[in-house]
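Data first, discussion second: the structure below is written as structure tokens.
The values are calculated or read from the model by the stated rules, or taken from the named source; none is laboratory data. Model, not experiment: these values are computed from the prediction. Note that we place each Cβ from the backbone using ideal geometry, even for glycine, and neighbour counts take in every protein chain shown. Please note that ligands, DNA and RNA were not included when accessible areas were found on the heavy atoms of the full protein model with its side chains. Shrake-Rupley method; radii C 1.70, N 1.55, O 1.52, S 1.80 Å.
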Amino acid sequence: MSLKGKRILIAKPGLDGHDIGAKIIALALRDAGADVIYTGLRKTPEYIARVAVEEDVDALGLSILSGSHKELVAETMQFLKKFDAEDIKVFIGGTIPPEDCEGLLKVGACGVFTSDQTLDEVVAAVDRVLAA
């Protein structure tokens, strides 16, 4: 498993101020060979989509703990579409109730990760999607 040569943006949309999980995922992806960019806290969906385009990333990971994952993911996907960047693979991580996972996948997410998954499982899933 290697993400060598892949560019991945990790972002924290919304007002959530907890980013330890996002930083841990960023480090795990970096250790797997990816070039990882982290936006920092409290970014808007438009800003995140714009940075994803400007940085020419292969994937975007959204870390959301605030409970507003459905709205934030949908808005981010809309901006990716507006910027002609629908080819960027989007992953969601955080406090996501199981009943919301299907809806996030329907709006275009390639994977939804919670604290139930190990870092190895997350990295392997990202690798599989980006290798396809």
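Taking the numbered list (1) in a loop (DSSP other than H, G, I, E, B); (2) under 13 Å from Gly61 (Cβ atoms) in turn, Glu86 passes all entries but (2).
Scanning segment 34-46 for residues that are over 15 Å from Lys12 (Cβ atoms) and open to solvent by less than 60 Å² (accessible area, probe 1.4 Å) yields one hit, Ala34. Which members of segment 52-64 meet the condition of being in a loop (DSSP other than H, G, I, E, B), without any contact (Cβ under 8 Å) to a residue 60 or more places away in the chain and charged (D, E, K, R)? Residues satisfying the conditions are Glu55, Asp56.
Of all residues assigned to segment 89-110, none qualifies as being touching a Gly at 6+ places or on another chain (Cβ under 9 Å), free of Cβ contacts under 8 Å to residues at least 24 places away in the same chain and closer than 19 Å to Ile10 by Cβ. Of all residues being over 20 Å from Lys106 (Cα atoms) and modelled with pLDDT of 95 or more in segment 54-75, which is most open to solvent (accessible area, probe 1.4 Å)? Just the residue, please. Result: Glu54.
Is it the case, given these coordinates, that Ala49 is within 26 Å of Gly5 (Cβ to Cβ), open to solvent by less than 20 Å² (accessible area, probe 1.4 Å), aliphatic (A, V, I, L, M) and in a helix (DSSP H, G or I)? Yes, satisfied. Scanning segment 1-18 for residues that are open to solvent by less than 30 Å² (accessible area, probe 1.4 Å) and either more than 13 Å from the chain's Cα centre (by Cα) or of a type in the set (S, T, N, Q) (or both) turns up Leu3, Gly14, Asp16.
Results for (1) farther than 18 Å from Ile20 by Cβ; (2) open to solvent by less than 40 Å² (accessible area, probe 1.4 Å); (3) at pLDDT below 95, shown as yes or no for each residue.
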residue	(1), (2), (3)
Gln78	yes, no, no
Ala85	yes, yes, no
Ile88	yes, yes, no
Ile96	no, yes, yes
Leu104	yes, yes, no
Ala109	yes, yes, no
Val112	yes, yes, no
Asp116	no, no, yes
Ala132	yes, no, yes
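The set of residues from segment 11-37 being in a loop (DSSP other than H, G, I, E, B) and in contact with a helix residue (DSSP H, G or I) (Cβ under 7 Å, 6 or more places away or on another chain) comprises Lys12, Gly14, Ala32. For Asp31, state whether it is modelled with pLDDT of 95 or more, open to solvent by 30 Å² or more (accessible area, probe 1.4 Å), of a type in the set (D, E, K, R) and closer than 24 Å to Asp116 by Cα. Criteria met by Asp31.
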